[in-house]
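Working notes for the structure below.
Rule-based calculations on the coordinates, nothing more; no lab input. The structure presented is a predicted model; accordingly, all values stated were derived computationally and were not measured. For neighbour counting, all protein chains shown are included, and Cβ atoms are generated from backbone atoms with ideal geometry for every residue, glycine included.
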Amino acid sequence: MGVEPRTDSRTRWGRIRFAGGRLPAMGVAIPIGLLLAVGVGAITLWTGVAQGEHALPVAGVFALVMSWGLVGLVWAIVVDRSSLRGAIDKPDESIESTWLDAAMAGAFRDTIMLTGLVLAILSITGFELDVLWALIGVIVVGFFSTFVRYLMAKKRG
Amino acid sequence: MKNSLPERRQERGWSQQRLADELGVSRQTVISIERGRFDPSLPLAFRLAGVFACRIDELFDPEEEGAQPS
């Protein structure tokens, strides 16, 4: 008696979108992501961000903090969506896509308005804002607004 | 847009998840269409009509939306 073939070969983390999908996506994402994280650590040493007697541990922490994000980024690039268990075939026609589009459009308006408002306040008061903090603020406002708007749209159904 | 999706789905004894799988969309999409809160794209409407073996205008009733009080 033969073994019945599996009807669903999709896996939780999927397979890569190239090389015929022979490799699991995480099997590619983890080593490449970790390698990139080590590269980030090396850059902190090279540029002097990590310096002094604790330079190596500081670079290690940089690499560690960046590693999960880089592994995730590489995974998102290499994974074949159709090989993911539970992934829907037409995400662009699902309502979640509409919610996200609306949330991102709203977040863009929020970011523009808030940036304009802060710019006006800075012009009037003469207060100077560090460009790094300003850019971080723009990113945070964009993400936060998208997140909140998406949740609101989801709640409305 | 009002539609006859719930009745047609129940006639077949399908769950919302089963219909979502047939259409390749999320279950939430089916829920929202059935409640009339989400108008499907034209390709999705054609797939719905194909699944239920009927015409699109037999599934959806655009007149009903206009009848809602403002």
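Some observations on this one:
- Across chain B, the mean sequence separation of Cα contacts (distance under 8 Å, 6 or more residues apart), normalised by length, yields a relative contact order of 43 percent.
- When Rg and the Kirkwood Rh are both derived from Cα coordinates, the Rg/Rh ratio for chain A amounts to 1.12.
- Extension gain from A:F127 to A:R109, taking 0.36 nm per residue of separation minus the Cα-Cα distance: 4.0 nm
- Shielding by partners for peptide B:21-28, expressed as the average number of C-beta atoms from other protein chains within 10 Å of each residue's C-beta, is 5.
- At an R0 of 45 angstrom, the distance between the Cβ atoms of B:A49 and A:R22 translates into a FRET efficiency of 0.70.
- Cα-centred dipole magnitude for the protein assembly as shown, charges only on beta-carbon of K, R (+1) and D, E (-1), debye, nearest 20: 660
- Calculated P(r) of the range A:1-80 - Cα pairs past 18 Å, %: 53
- Computed lengthening from A:L84 to A:V148, 0.36 nm per intervening residue step minus Cα-Cα distance: 20.3 nm
- Test item: Cα-centred dipole of the range B:1-56, Lys/Arg +1 and Asp/Glu -1 on Cβ, debye: 80
- Take each residue of peptide B:38-50, count the partner chain Cβ atoms within 10 Å of its Cβ, and average: the result is 2.
- Each residue, B:E58 and A:R12, gets one label point 7 Å from its Cα in the Cβ direction; the gap between the two is 4.5 nm.
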